[in-house]
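The values are calculated or read from the model by the stated rules, or taken from the named source; none is laboratory data. These numbers come from a predicted model, not from an experiment. FYI the Cβ positions are ideal-geometry reconstructions off the backbone, even for glycines, and counts take in every protein chain you see. With ligands, DNA and RNA removed, areas are computed over all heavy atoms of the protein, side chains included. Shrake-Rupley method; radii C 1.70, N 1.55, O 1.52, S 1.80 Å.
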Amino acid sequence: NFNNNTKPDWCDSGGGTTNFENGTLSFTATNTGSHDYDNQICFTGLSIVNGATYKLTFKIKSNVSDSTGLDIAFDDPSDNYSWCGTFSDNSLKLNASGNFTEVTLTTTATKTINNARLFINLGHLGACTIEIDDLKLVRTN
């Protein structure tokens, strides 16, 4: 869960606002831009190890359906934000059911870095609200 009214090590970019209420992160996009990375939610300052496997679990809810799918991955800000472990390359689809969907994804890191970001690209969704709860990232090996 996310602490109320705090953004520890979380960032958002693009045209939107992030709020933390009742332990849930809520991102509302108002300006979408022209790329899927024009709106992002990201967790910064992560240490990842080349060849290690990571499991990401969370609950997500959206007020829009998404047939394109979300990009969710690690990237390296010191190397032009190159991807270094992909959880979802447009494979996670959203629906506007109004209910949280439980998600479990895995990836293997492709480099060792101490300042990785875990990002979720939302720019292609248009004006929307995304809620994320119970996010956990665990190294499994």
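In a fully extended conformation the segment linking Phe100 and Asn31 would gain 22.4 nm over its present Cα-Cα distance, using 0.36 nm per residue. In order along the range 130-141, the Karplus-derived 3J(HN,Hα) couplings, from 6.51 cos²θ - 1.76 cosθ + 1.60 at θ = phi - 60°, round to 10, 10, 10, 9, 6, 6, 9, 10, 10, 7, 9, 9 Hz, and Gly and Pro are given as x.
Think of a 1.4 Å ball rolled over the protein heavy atoms: the chain then has 49 Å² of accessible area per residue. Ordering Leu70, Leu105 by accessible surface, largest first, gives Leu105, Leu70; the 1.4 Å probe counts only protein heavy atoms, with every chain in place. Over the chain, what percent of the accessible surface lies on carbon and sulfur atoms, probe 1.4 Å? C and S atoms contribute 42 percent here. Computed from these coordinates, which is percent of Cα pairs over 26 Å apart: (i) 26; (ii) 17; (iii) 43? Label (ii) holds the value from this structure. Here's the picture: charge each Lys and Arg Cβ at +1 and each Asp and Glu Cβ at -1 in the range 37-111, and of Phe43, Ser82, Leu56 the one pushed furthest to the positive end of that dipole is Leu56.
Provide the packing ranking of 40-49, 114-123, i.e. peptides ordered by the mean count of other C-beta atoms within 10 Å per residue, highest first.
114-123, 40-49
FRET efficiency for the Asn63 to Leu137 pair, using the beta carbon distance and R₀ = 25 Å, is estimated at 0.50. Local charge for Asn95 was computed over the other residues whose Cβ lies under 15 Å away, with Lys and Arg +1 and Asp and Glu -1, and equals 0.
Could you size up the charge dipole of the chain around its Cα centre, putting +1 on the beta carbon of Lys and Arg and -1 on that of Asp and Glu, and report it in debye to the nearest 20?
For the chain, the charge dipole is close to 320 debye.
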